[in-house]
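Have a look at the structure below before the remarks.
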Amino acid sequence: MELKRIIGKDSKHAMELVRQEFGPDALVVSSQKVNRKIEMIVAVDIAPDPNLIDQTGDLLVEVQSEQKQAPRFSAVLHGEQKQEPTMSTDRAQEIVNLFKAEMRLLKKELAQLRSASAWHQHKTETDNRLQTQVNQYELPSTSKLLILDAINNITNPKEAESLIHDLFSSSLLVSDQTPENLSGVHAIFGLTGAGKTTMIGKLATQFVKTSRRDSLTIVSFADQKLGAWNQIQLICSTLGIRCFRCADRQMLETIVRELPDDQCILIDTPGVNIDQTYQDIQSVVPDALMHLLVNAEISRSSCEKLLNHSLGWDSVNIAEMSPRPNIWVLIDALSQQSQLHLWVKTTDGNFSQPVELIDAGRLLRSAIQYLNLTDSQDLNDAVEHPESGRQIGEETTTLDYLAGLRADPNDRSPKSAQNTN
């Protein structure tokens, strides 16, 4: 049996070509889209060679060949070439791992919600409207159950917001160290695209304004991402400060040893292999401060990977990518890690805009506003309205128009108006 390749403009055309070429009983092995056309691989029988029929076994000599690794099936069909692993393949594998972890955590949360569904099972018409409002938002199961239990029998939205604030405020710790007074070695970690280089640029800009330009050095450590080193060079040339690039732990050790003791060093790290990078920097500079930068709308899998007990972070920093982010996943993770401290946040990529110290109270108020608990009062009014079965707005629904209940006479056409007369 051998494989034949058929290409048609669409699936129907490709199947017609297969039937014409190999008959109606042809076996289609695979079908896929290639360059806006449909490619089908067909398995056909090989015609027997009459010269080999009825030959004795000693004439059929097996030809020995060198042991070679068989290429992949898709590589033979599409001419793929073997590529060496790169940083892009490492990032792709990390994305796949994060996706798998996210699915696993979602299954775990669904199981937790099912096991704690007493509130749903006993729901009646007199249920708390605030609980209904909270339950419609996608929150981590642990925080959602805590909030639902805390606001039970609470009808005042302001009182509910105060209870939720008190519930999480004690677990959110903050650091008040100003960026202008930095000293020592600081390593910035985070996933690819989190904004580590931008944060370093903002910190360096604020540091330079204190007229201590000669006391700051930026190091790009083991970051092979395209354009990362160029961005560091541009930042340092604009600010007039030193920068170095090192590929491994030995080079980092040499650079740190040659710099003066009073230097403030900011280390930019890659977004992959965070655990190994953490260990390398800690082995070279044991007293270095490790800072983690995360997106305000971080995923559950990223929280589980980064905010674990194996990596001791000196601070957690937030990059807000949208005006009103949903930060409940991050708050839920921080409330379970009592030793973590929040430090600064960034809101855009403009280096002239400094980083801001995180205010835990303001952060919680922003998260609580996301729940829109005050809208639940409008929900109560709508339910208790005597005409709750009908639309209350100014717009006319299709049903009202056809039934003639609220139709505007001006909406009628001249022809229909004549018929009514």
Residues of region 326-362 being within 18 Å of Glu138 (Cα to Cα) and in contact with a strand residue (DSSP E or B) (Cβ under 8 Å, 6 or more places away or on another chain), which ones?
-> Ile327, Leu330, Leu334
Enumerated helices (runs of 4 or more DSSP H) restricted to region 78-197, each holding at least 1 residues that are at pLDDT 80 or above | 129-135, 141-150, 157-169
In region 181-230, anything farther than 28 Å from Ser299 by Cβ and charged (D, E, K, R) is listed as Lys209, Arg212, Arg213, Asp214
Any residue at all in region 141-154 that is of a type outside the set (A, V, I, L, M), in contact with a Leu (Cβ under 7 Å, 6 or more places away or on another chain) and surrounded by 14 or more Cβ atoms within 10 Å (Cβ to Cβ)?
-> yes
Residue by residue through region 291-324, note down the ones that are assigned to a strand (DSSP E or B) and out of contact with any Gly (no Cβ under 7 Å at 6 or more places or on another chain).
-> His291, Asn295, Ser315, Val316, Asn317, Ile318
Subset of region 169-180 that is within 16 Å of Met199 (Cα to Cα) and touching a Phe, Trp or Tyr at 6+ places or on another chain (Cβ under 9 Å) - its residue that is surrounded by the most Cβ atoms within 10 Å (Cβ to Cβ) = Pro179
Which of the residues belonging to region 356-375 are under 18 Å from Leu172 (Cβ atoms) and not in a helix (DSSP H, G or I)?
-> Glu356, Leu357, Ile358, Asp359, Leu371
Picked from region 312-365 (must be buried (at least 18 other Cβ atoms within 10 Å of the Cβ) and among the polar types (S, T, N, Q)), the residue modelled with the lowest pLDDT is Ser335
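The values are calculated or read from the model by the stated rules, or taken from the named source; none is laboratory data. All values derive from a computational prediction rather than experimental measurement. For neighbour counting, all protein chains shown are included, and Cβ atoms are generated from backbone atoms with ideal geometry for every residue, glycine included.
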